[in-house]
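These notes are about the structure you will find just below.
FYI, it's all coordinate maths here, none of it is from the lab. Quick caveat, the model's predicted, so the values are computed rather than measured. Ideal geometry is used to build each Cβ from the backbone, glycine not excepted, and the neighbour counts take in all protein chains shown.
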Amino acid sequence: MSLLAIDGLRVDFADVQALKGISFDIPEHTTVALVGESGSGKSVTALSILGLLPPNARVAGEILYQRRNLLKAAPRELRALRGASISMIFQEPMSSLNPVFSVGFQVGEALRMHLGFSGRKARERCIALFEEAGLSDPASKLDAYPFQLSGGEQQRVMIAMALACEPQLLIADEPTSALDVTVQKQILELIAALQRRRRMSMLFITHDLALARAVAERVVVMRRGEIREQGSVAQVFEAPRDAYTRALLACRPALDRRPARLPVIEDFLRNEASAGRGDAGTAVRPGKQGGESIILEARGLAKTFRSGRREVRAVKGASFRLARGRTLGLVGESGSGKTTLGLLVARLHPASAGSVLLKGEDALRVPRKVFKRAIQVVFQNPYASLNPRFSVGETLAEPMRIHGIGAGKGERRERAAGLLAKVGLPAAALFKYPHEFSGGQRQRIAIARALALEPELLICDEAVSALDVSVQAQLLNLLRDLQDEYAMSYLFISHDLAVVRYMADEVMVMKDGEVVETGGAEALYADPRHPYTRALLAAIPK
Amino acid sequence: MSLWLLAWRRFLRDRVGVAALAVVAAFVALAAASAAGWVARDWSGEVGVSYAPPRFLAAKINEQEDKSAAAAPSGARDDYGIPDPLAAELAEIHARLSGAAAAESRETTLVFGADKWGRDVVKKAIKGGETSLAVGVAAATLAALIGTLAGAAAGYYGGWLDDFFNWLYSVFTSIPYLLLVLAIAAVLGHKGIATVILILGLTGWTGIFRLIRAEYLKHRVREYVLAADAVGASDARRMFAHILPNVSHVVLVQLSLHVVLFIKSEVILSFLGFGVGVDTVSWGSMLAEAPSELILGVWWQIAAATLAMALAVTAFSLFTDSLRDALDPRLG
């Protein structure tokens, strides 16, 4: 019997159809994963169940919870349900917790409000919940403020809060995407264990298919407000019926194989017959082997940030060499210093110690312009790295103007159009502004800007991390094509081990500002030496 | 489509804002016409009798005067048969005076009345509007320029430069406003429009500085600025070509706010006697004449100046609000 049944749910905003009539069930004591890329409507589905849609949304269809239609329930009824029988865990634990109240007070609030607990009883119950959520020393954590806890601990507090009133349905909206892989693994295990022990149902919303496979019994795949496929985990993952599901499964780089190109969604949707050819290309890309000149060398690079009396050693001495046309992957969790190291190499931050050698010459002696031209950066967030007041044409022409490439406006515009063609955008984009593009397109523009100077080294700082899997695949393919064409070297910084595995020839692992392991990509993934590298690899959901 | 165009479209959807902009534009057009000498050029001409009443009141006032004239004894009084020894001279003086008045032909009423010297109040209000708007806009531009440059430098470079400007800011804001204004007025010495602009501009930059500094602090670490650094853009280029367009909406709104503020400040300064000179007219100097007039029941000059100022300031404020909503929709 199903606890929650959604039937023909449609949600329209002003001029956008967010959900185009979807139907699925959440059986009792079962975890259902709702998988989709951004804009698929998965979060809108969760919000409609809780009755939290913005007032301009028009809703049709039925959401039956224990045979009661939630869409017709009075606001008071819904409020009583929310937090008591249905509760939710959000993506960002930091912004979901109120920073000015202790976490104990915030969890206690749910108990006092829904269950009418008194102060002391709520406190005792809180300690028990914290213990269940796996927080160490729960009694002392009760009086801690959110900023005193780590991201993982905050998410545990959110989980404790969600469990406070013993819900029958737990909705988890991307509960681990803001967390590091090792923490993600712990939280996932916790959620799965709690679901079994408490015999709850769970709706697990994620963009990550591997995660869905790890926690769920049933999977619903969504795209653009429609359900593409639903079924048991075994069926969807072993024998996907829908082309889109197959494409999603194939376009994510895997740890155990390295195809020359990643298949993209369009391959599958356009020509379903040839689907699955991504598996055939297991051959390693014929990378250049040995004998190349060293483009860049770092010797003992270190960076210490000081604020008042506090000192943070972000990078504690990193050394590496990078040859022409090769890719060095830089892996680490948040706070490991990998982004800072990238900025030090590009001289966007002054280093506290150590040196960077550009083709054997100390970077500090190389004129600023020559250096900037040789090393370009693609940043993580395509929404922040383009100046919103510049048209794409101005953005692309700027580096040429500064470095005196191309004579006159006309020639620079022609070159800019050529660059756009290289990254797969039409020349009409020149006159548009960044806000008119999607995340993937913006990242293409950022890559085109870097290419304008024909750099010898491109630093990609989490360049694809903010993008959907299918867009990620397209950009990774593009980056590889460009590398072959321009013989560029890449310093590829990412927290995503699978993506690094796909891109890099050599891999460097960082932890707390230190390089803990360096090695050839093949060898490092096959036989990790350092315990931290092993922990990282073990944490990836298979 | 650029963000400016989008903001302009948002602004056009705001009816109050568009109406306010129309009023502001009318004031600016009138001030420009007066500056060009097309209207109110002869504002200082003494065209009416002293305190000539507005035309719509004229009938009533004339009636009153007729009554009082009738009540008063007329003609030469009979002084017990003694002839007035000065009668001939007085008659001559009377004749000469009325002849002179006839030659000058002063109006007994004007559209909205006259001041003590018989100058047209409407023309004074128009000319005064030119002065007040010019002072407001010029002083606000000066303040915005100082505030933006100082704020950009302090926020972008940080370090000792930031410390220095913050110290300067603290000094300026620690002194009571009027005391500071009067001190600078005393130092600058002579009166005049330029002096008023300098006074207001040099004291009014602090608020703008604080906001712009905060914006630069926020923007200098943004990725697009880092990306500009990566392609080799110089500090000046990052400060003014990259960050400034992204914070210019703050400057624009502040500029507009300060125009309103400085129009009012000019009035206060002129009222206190530190404003524009006696050969110039502004809304403030018109108000300064009001106290002595009100005793005599002459209210039209203060009414004209107040009406014009209230309309301009209100329209400008509403326009500023709409501008802010259009430029920064998140504030909503």
Review point. So how many Lys-Lys pairs in the range A:294-539 land under 16 Å Cα to Cα, not counting same-chain pairs under 8 apart?
Key: 8
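Only loop residues by DSSP count here, and only those with at most 15 other Cβ atoms within 10 Å; note down the chymotrypsin sites (Phe, Trp or Tyr not before Pro) in the range B:109-163 that meet that.
Working: sites: B:PHE112, B:TRP117, B:TYR156, B:TYR157, B:TRP160; in loops: B:PHE112, B:TRP117.
Counting only loop positions with at most 15 other Cβ atoms within 10 Å, the chymotrypsin sites (Phe, Trp or Tyr not before Pro) in the range B:109-163 are B:TRP117.
I'd like the GluC sites (Glu not before Pro) in the range A:429-506 restricted to DSSP loop residues with at most 12 other Cβ atoms within 10 Å, sorted by number. Could the numbers behind the result be given before it?
Numbers: sites: A:GLU436, A:GLU456, A:GLU462, A:GLU485, A:GLU506; in loops: A:GLU456, A:GLU462.
Of the GluC sites (Glu not before Pro), not one in the loops of the range A:429-506 has a Cβ with at most 12 other Cβ atoms within 10 Å.
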Check your understanding: On average, how many beta carbons from a partner chain sit within 10 Å of the beta carbon of a residue in A:385-394?
Key -> 5
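Could you tell me the relative contact order of chain B? Use alpha-carbon pairs under 8 Å, at least six residues apart, and round to a whole percent. Display every interim value, and only then the final one.
Working: 406 pairs, mean separation 88.0, N = 332.
It rounds to 27 percent for chain B.
Sorted by average packing, counted as other Cβ atoms within 10 angstrom per residue and highest first, what order do A:463-474, A:526-537 take? Each step should come with its number before you reach the end.
Details: A:463-474: 22.3, A:526-537: 15.8.
Peptide ranking by packing, descending: A:463-474, A:526-537.
Highest first, please rank the peptides A:171-183, B:285-297, A:366-378 by the mean number of other Cβ atoms sitting within 10 Å of their residues. The partial results should precede the final answer.
Numbers: A:171-183: 21.2, B:285-297: 15.4, A:366-378: 19.6.
Output ranking for A:171-183, B:285-297, A:366-378: A:171-183, A:366-378, B:285-297.
Per residue of B:216-229, how many C-beta atoms from partner chains lie within 10 Å of its own C-beta, taken as a mean?
On the way: counts 0, 0, 0, 0, 0, 0, 4, 12, 13, 4, 9, 15, 8, 7.
Per residue, the average neighbour count from other chains is 5.
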Review point. Given +1 on the Cβ of Lys and Arg, -1 on the Cβ of Asp and Glu, and no further charges, what dipole in debye does the protein assembly as shown carry about its Cα centre, rounded to the nearest 20?
Key: 2460
Study note, to complete from the structure: Total charge of the residues flanking B:ASN166 in space, meaning their Cβ is under 11 Å from its Cβ, with Lys and Arg +1 and Asp and Glu -1, is 0
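Per-residue ellipticity at 222 nm for chain B, helices alone: DSSP H runs ≥ 4 residues times -39500 (n - 2.57), over residue total, nearest 500 deg cm²/dmol? Before the final figure, lay out each step's value.
On the way: 13 runs with 235 residues, N = 332.
Using -39500 (n - 2.57) per qualifying helix, the result is -24000 deg cm²/dmol.
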Practice item. Mind checking A:198-208 for the average number of partner chain beta-carbons within 10 Å of each residue's beta-carbon? Key: 0
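Multiply the residue gap between B:LEU188 and B:LEU217 by 0.36 nm, knock off their C-alpha separation, and tell me the result in nm, one decimal place.
On the way: separation 29, 0.36 × 29 = 10.44 nm, distance 3.49 nm.
Value of the extension gain: 7.0 nm.
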Revision key, fill the gap. Shape call for chain B, from the Cα gyration tensor axes a ≥ b ≥ c (a/c under 1.5 means rounded, otherwise prolate when a/b beats b/c, else oblate), comes out prolate
Practice item. Treat every Asp and Glu Cβ in the range A:294-539 as -1 and every Lys and Arg Cβ as +1, leave all other atoms uncharged, and give the resulting dipole magnitude about the Cα centre to the nearest 20 debye. Key: 960
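Helix-only mean residue ellipticity at 222 nm, chain A, DSSP H runs n ≥ 4 weighted -39,500 (n - 2.57), per residue, nearest 500. What is it? Please list the in-between numbers first.
Working: 21 runs with 204 residues, N = 542.
Calculated from helices alone, the mean residue ellipticity at 222 nm is -11000 deg cm²/dmol.
Please state the charge dipole magnitude for the range A:61-104, taken about the Cα centre, from unit charges on C-beta atoms (+1 on K and R, -1 on D and E), reported in debye and rounded to the nearest 20.
Values: 6 positive and 3 negative charges, 56 e Å.
Roughly 260 debye for the range A:61-104.
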**Study point:** Pair-distance profile P(r), taking every C-alpha pair of the protein assembly as shown, with 20 angstrom steps and integer %
**Key:** 12, 32, 30, 16, 7, 3, 1, 0
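Mind ordering A:133-139, A:491-497, A:64-70 by average Cβ neighbours within 10 Å, highest first? Working shown, then result.
On the way: A:133-139: 16.9, A:491-497: 23.4, A:64-70: 14.7.
The most tightly packed comes first, giving A:491-497, A:133-139, A:64-70.
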Study note, to complete from the structure: For A:LYS72, counting only lysines whose alpha-carbon sits under 24 Å away and dropping same-chain residues fewer than eight positions off, the answer is A:LYS20, A:LYS42
**Study point:** Rough spin-label spacing in nm, given labels placed 7 Å along Cα→Cβ, for B:SER50 and B:ALA33
**Key:** 3.3
